[in-house]
Amino acid sequence: RSDLPAGVRAALALGAAAVQVGSALLLADEAGTVPAYRARLAAGGAPTALTRAFSGRLARGIQNRFMDEHPDAPIAYPEIHHATAGLRAAARKAGDADGFNLWAGEAYELARTGPAADIVRWLAG
């Protein structure tokens, strides 16, 4: 699990002004991720994919049943977002991680639990 800080350092050394590390914070104590989302993140092993199924905007998430069932969702934000809002809310409430968006980057498996400040210190290496 030490690859992420090395990747951050490498990107900065190559001239990047910043790096995007949102997925690294999804398991932080302060994160608003619901239990089913946290469980899927912590389990790892699932691929990520790009989808418009939840909102009509292209975004990357952990592949789930909803994404598989709606591979050809139209580019229609915010219409799709509003159309799926009730379905996503019900799935979250039921703890059904296959029925709502699990936004995550390709390296989501490197996410850590604990206070966000500790995770940021870890990333800064």
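The values are calculated or read from the model by the stated rules, or taken from the named source; none is laboratory data. Since the structure is predicted, the reported quantities are computational estimates derived from the model, not experimental observations. Ideal geometry is used to build each Cβ from the backbone, glycine not excepted, and the neighbour counts take in all protein chains shown. The protein model used for the area step is the full one, side chains on, heavy atoms only, and it has no ligands, DNA or RNA in it. Shrake-Rupley method; radii C 1.70, N 1.55, O 1.52, S 1.80 Å.
Summary of computed values
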{"read-out": "Residue match in region 104-113 (condition: under 30 Å from residue 10 (Cβ atoms), β-branched (Val, Ile, Thr), outside any helix (DSSP H, G or I) and in contact with a helix residue (DSSP H, G or I) (Cβ under 6 Å, 6 or more places away or on another chain))", "value": "no"}
{"read-out": "Residue pairs meeting the criteria (Cβ under 6 Å; at least 6 apart or on separate chains; first at negative phi and of a type in the set (Asp, Glu), in region 21-46; second modelled with pLDDT of 95 or more and assigned to a helix (DSSP H, G or I))", "value": "30/116"}
{"read-out": "Residues that are among the hydrophobic types (A, V, I, L, M, F, W, C) and either farther than 16 Å from residue 125 by Cα or in a helix (DSSP H, G or I) (or both), drawn from region 17-39", "value": "17, 24, 25, 26, 27, 28, 31, 34, 36, 39"}
{"read-out": "Counted residues, region 84-115 - those being surrounded by 15 or more Cβ atoms within 10 Å (Cβ to Cβ) and of a type in the set (Gly, Ala, Ser)", "value": "6"}
{"read-out": "Out of 83, 42, 49, sole residue that is in a helix (DSSP H, G or I) and within 29 Å of residue 114 (Cβ to Cβ)", "value": "42"}
{"read-out": "Residue that is modelled with the highest pLDDT, among those in region 116-125 that are among the aliphatic types (A, V, I, L, M) and either on the phi > 0 side of the Ramachandran plot or buried (at least 16 other Cβ atoms within 10 Å of the Cβ) (or both)", "value": "119"}
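Residue-by-condition table, conditions (1) of a type in the set (Val, Ile, Thr); (2) open to solvent by less than 70 Å² (accessible area, probe 1.4 Å); (3) over 18 Å from the mean Cα position of the chain (by Cα):
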residue	(1), (2), (3)
12	no, no, yes
40	no, yes, no
55	no, yes, no
59	no, yes, no
73	no, yes, yes
